[in-house]
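Presented below is the structure to which this report refers.
The values are calculated or read from the model by the stated rules, or taken from the named source; none is laboratory data. All of these numbers come straight from a predicted model, not from anything done at the bench. Neighbour counts run over all protein chains shown; Cβ positions are idealised from the backbone, glycine included. All accessible areas refer to the heavy atoms of the entire protein, side chains included, with ligands and DNA or RNA removed. Shrake-Rupley method; radii C 1.70, N 1.55, O 1.52, S 1.80 Å.
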Amino acid sequence: MGLAGTADKWRGAAGHLWLTARALFLLAVLFSLTAAARADGLLGATGYKMAGDATRMRIVMTFDREPDVKWFLLRGPNRLVVDLPRTRFALDAKDVKPRGLVRAVRFGDQGQGSRLILTGKGPFAVDKLDVLKNDDGGYRIAIDMSAASEREFDEALANQSLTTGSTVSADKGGRVGTGPISAPGHRFTVVIDPGHGGVDGGAESAGGTVEKNVTLAFATELRGKLAAVGKYDVYMTRENDVYLTLDDRVRIARQHEADLLISIHADTIAVKGLRGATVYTLSDKASDPEAQALADRENLSDQFAGMRIEDDNKEVTDILIDLIRRETHGFSMSFAHTLVGQLSTSVGLINNPQRSAGFKVLKAPDVPSVLVELGYLSNSKDEAQLLSADWRGKAAQSITNAVALFAAAKAGARAGG
Ligand code: ZN
């Protein structure tokens, strides 16, 4: 007992000594690294963080002292280039892994200086690029970027002169404030979003009808009807059986400067007798428990993308976007109202067919958006209708009529105001 105790003590002491030796060695290494950094005079990039999704990202890079920064845009592909003094990059590989709106992160020495290059998943806007002082004495570059259209990217590209991050923020009001309305030659643009796709099949009927196929067939029909009017530009978020995250769908709508996003779905529900269509808009508080449950189910779609990063959009959202969101929300509500009226003439609706809940796919701050549940795959009559080309044609025509009324009202308001 006593012996064992001594042995333990001895081992403990040896372990302690060894740890101390290792700590001293690490300290020495750290010291020499710091000394080397000081000696070669390079700026030290000490950390990198990237958060957000395919519609909105915040990127933060930390430095050991104040960096002199210049940035500009390049196209083909859409890139943000941040020029830095010669920099020693000590970044964690997992932190620079591309995600959300950013398809690639590259950084390195260019001889005269160093560069950070962010390649977008598509066109984007730099809402803000600031150099800020950290509490610990270091500095950071904070970049806010959001999905935008090619036109907006090109405009920023044309307007750009070398911008100094430390003193000048990018003009953030311009892009968000203008949007589709002021774009010259912009036709009323509708983006149709066939729900689900690829590994995400969505709901499924007892007979094996899969939601992702129903939504694609319907969306294709609707696109045909809208295109036939000849007055709108019409796009689909997907044209075949592919998986898209919810924020990818929002990003696509923003990239087309959509005046309207219509997301198409066909749910199932435990109550087999329940049937009819429903039109949903976005809200923080669900209109009823069923709407909340549905939004929760639809938002699960993102789980197919594997591990999700935390939704920290709140941090990025500013008052300006809140205001636009309010205006956009008004448009969404108005379209939903018109749509319910038109659908009621051709297809069955559930009780209180205009509802709201926190659907992620409806969250574009500047694109009026609605989600249409065409009917319930859990109801055999609804299922039969959803599979009928004739029914799809009628329902698509009603939505087209609603779009026409909404587009005319918006054009009228623009001409009048
Ligand atoms: Zn769905």
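Tabulated results
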item	result
Net lengthening on full extension, SER344/VAL81 (0.36 nm per residue, minus Cα-Cα)	89.5 nm
Summed residue charge, Cβ within 10 Å of MET50's Cβ, Lys/Arg positive, Asp/Glu negative	+3
HIS329 - accessible surface, heavy atoms, 1.4 Å probe, Å² rounded to 10	70 Å²
GLU327 versus ALA142: modelled label distance in nm, points set 7 Å from Cα along the beta carbon direction	2.5 nm
³J(HN,Hα) computed for each position of region 272-281 - Karplus, 6.51 cos²θ - 1.76 cosθ + 1.60, integer Hz, glycine/proline x	5, x, 6, 8, x, 8, 9, 10, 10, 10
Inter-part distance where region 57-81 and region 354-370 are each reduced to a Cα centre, Å	31 Å
Sequence-separation-based contact order of region 43-176, relative, with Cα cut under 8 Å and 6+ spacing, percent	28 percent
Accessible-area value, ILE269, 1.4 Å probe, nucleic acids and ligands omitted, Å²	40 Å²
In Å², nearest 10: area of PHE304 left accessible to a 1.4 Å probe	100 Å²
LYS133 versus ALA408: modelled label distance in nm, points set 7 Å from Cα along the beta carbon direction	6.1 nm
Computed FRET value (nearest 0.05) for ASP390 with GLU204, which takes r as the C-beta separation and R₀ as 35 Å	0.90
Kirkwood-based Rg to Rh ratio, region 43-176, C-alpha trace	0.94
Heavy-atom SASA rank of GLU290, GLU150 (probe 1.4 Å, accessible area, largest first)	GLU290, GLU150
FRET efficiency, 1/(1 + (r/R0)^6) with R0 41 Å, evaluated for GLU150 and LYS381 via beta carbons	0.40
Heavy-atom accessible area ranking, 1.4 Å probe, most first, across GLU221, GLU327	GLU327, GLU221
Linear extension gain, ALA90 paired with ASP288, 0.36 nm per residue minus alpha-carbon span	66.2 nm
Estimated FRET transfer efficiency when R0 is 35 angstrom, pair HIS186-ASP296 (beta carbons, to 0.05)	0.50
